[in-house]
Amino acid sequence: MSTMLPPSSSSGTATAPATAPLESRETAEALEADRRAEARTAAPWGTDPYANALRNGRGPLFLRRSDGWLLPLEVERWCSDAGAADLSALHRCEGPVLDIGCGPGRLVAELTALGHRALGIDVSEAAVARTRRIGGSALLRSVFDPLPGEGRWGTVLLVDGNIGIGGDPAALLDRAADLLSTGGLLIAETSPLDIDERFQVRLDDGRRTAAEKAAPGPADRPFPWARIGTPALLRYAGACGWRPADQWSAESRSFVALRRPRPRPAVRDRNTRTSSQSAESANSAPVISSQWER
């Protein structure tokens with residue numbers, strides 16, 4: 001979903017969130033910062049094929065490689081309620097959950113209904129606005145931006161192809177480790193194929209006119225992406241110190257659960273070790289309302 005996409009230039013008609021489930025001063029400030037960012041970058045819906053797809057709840061929408069190869073994006077599924085495969089992942093979630101590339105918000109909304117504290121992040125204003133409209137909490141952020149609750153999330157989600165964000169799975173795994181508490185859970189959806197690919201893509205809805213192709217806009221800018229299967233993800237994870245926790249398939253979709261690597265022990269004196277253990281315990285505490293950072 002759409003942290004997989006470049007920063008959106010979507011509609012200035014995006015509405016304020018219908019709800020604000022994260023009740024804290026820090027969260028209110030973060031939401032207000034997002035609204036200011038949306039106002040600064042507002043542009044017509046039609047300039048962004050991803051925003052158009054979310055507005056209509058359907059495709060066609062593709063990632064197009066420079067050689068013409070197309071990867072269809074499942075907009076209709078993303079804009080529907082969580083399905084059986086989604087639930088197979090969500091029922092494994094532990095503690096507060098961060099959904100990276102939340103898109104239109106079905107997983108955040110479902111997690112909230114299941115009683116989890118959940119936050120979505122996305123680089124698309126349209127995705128963030130839609131997530132909020134259906135009752136989820138979301139912020140306009142890249143995964144590589146400073147985020148609320150770093151080091152205290154119980155579960156991080158990378159589904160709907162979002163393991164491809166940035167075109168560098170190893171860097172994304174390192175970033176996920178920064179976000180999770182010690183022993184926290186990463187749930188990633190992988191390609192059902194045994195592949196490990198990196199390439200540049202752009203969004204394409206198949207409707208660009210000859211004039212638009214001759215004068216490309218922001219939505220035509222290529223960005224790095226990756227597709228990896230379960231064997232490749234497990235290789236990257238092992239190299240980064242992640243511990244495999246589970247792997248399964250549901251409705252022809254493949255998933256992997258990984259445990260966050262523990263910090264390497266350092267040689268220190270007894271007092272330093274005690275201080276470090278106390279700090280780690282505090283850092284591993286579940287995220288509560290007052291802990292949301294801007």
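The values are calculated or read from the model by the stated rules, or taken from the named source; none is laboratory data. What you see is a predicted model; the values in this text were computed from it and never measured. Here the Cβ is made from the backbone with ideal geometry for all residues, glycine too, and neighbour counts use every protein chain on show. Surface accessibility is based on the protein's heavy atoms, side chains included, excluding ligands, DNA and RNA. Shrake-Rupley method; radii C 1.70, N 1.55, O 1.52, S 1.80 Å.
Here are a few things to note about the model shown:
- Applying 0.36 nm per residue to the separation of ASP81 and PHE144 and subtracting their alpha-carbon distance, the gain on full extension is 19.9 nm.
- Amide H to amide H distances under 5 Å link GLN247 with ALA257, where only residues 5 or more positions off or on other chains count and H is placed in the peptide plane.
- Accessible area of TRP78 (1.4 Å probe, protein heavy atoms only, ligands and nucleic acids ignored): about 10 Å².
- Applied to segment 139-153, the Karplus parametrisation 6.51 cos²θ - 1.76 cosθ + 1.60 on θ = phi - 60° returns per-residue 3J(HN,Hα) values of 10, 7, 8, 8, 4, 8, 7, x, 10, x, x, 4, x, 10, 6 Hz, with x for Gly and Pro.
- Extending 7 Å from Cα along the Cβ direction at LEU193 and again at ALA171 yields two label points whose distance is 2.4 nm.
- Sorting 69-77, 57-65, 90-98 by average packing, meaning the other beta carbons within 10 Å per residue, from highest down gives 90-98, 57-65, 69-77.
- Modelled label reach - THR182, point 7 Å along Cα→Cβ, segment 233-260 residues with backbone N closer than 13 Å: 260
- Under Karplus coefficients 6.51, -1.76 and 1.60, residue-wise ³J(HN,Hα) of segment 114-120 in Hz, glycine/proline x: 7, x, 7, 7, 9, 9, x
- Segment 60-188: C-alpha pair distances exceeding 25 Å, %: 20 percent
- Of ILE100, ILE195, the order by accessible heavy-atom surface (1.4 Å probe, DNA, RNA and ligands excluded), from most exposed downward, is ILE195, ILE100.
- Between ARG58 and ASP246, residue separation times 0.36 nm minus the direct Cα-Cα distance comes to 64.5 nm.
- Net charge, GLY101 excluded, C-beta distance under 10 Å - Lys, Arg +1, Asp, Glu -1: -3
- Under 14 Å from the ARG235 label point (7 Å along Cα→beta-carbon), backbone N, segment 166-190: 169-170
- Accessible-area order (highest first, 1.4 angstrom probe) of the listed residues ASP99, ASP81, ASP205: ASP81, ASP205, ASP99
- Nonlocal amide H pairs with GLY103, under 5 Å, H built at 1.01 Å: SER2, THR3
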